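The values are calculated or read from the model by the stated rules, or taken from the named source; none is laboratory data. From a predicted model like this one, the values you see are computed outputs, not experimental measurements. Note that each Cβ is placed from the backbone with ideal geometry, even for glycine, and that neighbours are counted across all protein chains shown. Protein only, heavy atoms only, side chains kept; ligands, DNA and RNA dropped before computing areas. Shrake-Rupley method; radii C 1.70, N 1.55, O 1.52, S 1.80 Å.
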Amino acid sequence: STLIEATHEMRFRISSVEPASLTPATIKRIAQAEGRICRHLHLPLQSGNSKVLREMHRPYNAEYFEGLVEKLYAAMPMLSLSTDIICGFPGETDQEFSDTVELAKRCRFTKIHVFPYSKRQGTPAAERADQVEPEVRSARAKHLREVADALRVQQLSDRAGSTELALVEEAGQAMTESYFEVPAPKGARIGQLVSVAL
């Protein structure tokens, strides 16, 4: 990366946001902010299968989530999306897990936080008799992490040659708008917002 004069003195990053919170007005506001609000959102998916989402008591289904992602990309083609996904929720079949993998690919996530399901005492899911075997949960999580790594490499490749604002978070390291850690330009100070060429 190279040091280029920053165009903004500060920027805002929205951390985790529920899908229903992203109204058309919110999407428009982010798109028109020209990077002052990072064109990166952490949008928890949890599962890419509507039956599993319903059993998780999530207030959306897979089709709604994918439609929202399509609207986000239409408004911001270089948007970066990260997410959370749980593997091996009670009753999750191989096909339902496959649905999750395929939706993750279509959503082109930049980063996926993968969690094998673990029982939490006192929850309805922990009492279910159709628990997924631990070795199956682990294998699904391993596979999804491999998919996530490939998606991340592809997203970085798609950004090659572009420039983004990056915040120098520690000596020698900066975080880009699209949530990639890159070497900080020579001479950049901690807390400085700089433009970097990817």
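In the chain, what % of DSSP beta bridges are antiparallel (nearest 5)?
Percentage antiparallel, nearest 5: 50.
Report the net charge of residues surrounding Arg13, where surrounding means a beta-carbon distance below 13 angstrom and charges are Lys +1, Arg +1, Asp -1, Glu -1.
Values: positive: Arg11, Arg36, Arg39; negative: Glu164, Glu169, Glu177.
Once all neighbours under 13 Å are counted, the net charge is 0.
Near Lys186, which aspartates and glutamates are there with a Cα under 17 Å away, not counting those fewer than 8 places off in the same chain?
Glu5, Glu164, Glu169, Glu170
Would you calculate a helix-derived [θ] at 222 nm for the chain, using -39,500 (n - 2.57) for each DSSP H run of n ≥ 4 and dividing by the full residue count, to the nearest 500? Can you show the working numbers first?
On the way: 5 runs with 68 residues, N = 198.
That comes out to -11000 deg cm²/dmol.
Once the Cα atoms of helix 62-75 and of the chain are each reduced to a long axis, what angle between those two axes, in degrees from 0 to 90 to the nearest 10, is obtained?
With rounding to tens, the tilt is 10 degrees.
Return one whole number: the accessible area per residue of the chain in Å², for a 1.4 Å probe.
53
To the nearest 10 degrees, how steep is helix 134-158 against the longest Cα principal axis of the chain, on a 0 to 90 scale?
Taking the Cα atoms of the chain, the angle to 134-158 is about 30 degrees.
Residue by residue through segment 98-105, which ³J(HN,Hα) values in whole Hz follow from phi under the Karplus form 6.51 cos²θ - 1.76 cosθ + 1.60 (θ = phi - 60°), with glycine and proline marked x?
4, 4, 5, 4, 5, 5, 4, 5
Do any of Lys105/Lys142; Lys51/Lys119; Lys51/Lys71; Lys71/Lys111; Lys28/Lys71 go past 21 Å between their Cα atoms, and which?
Too far apart for the 21 Å limit: Lys51/Lys71.
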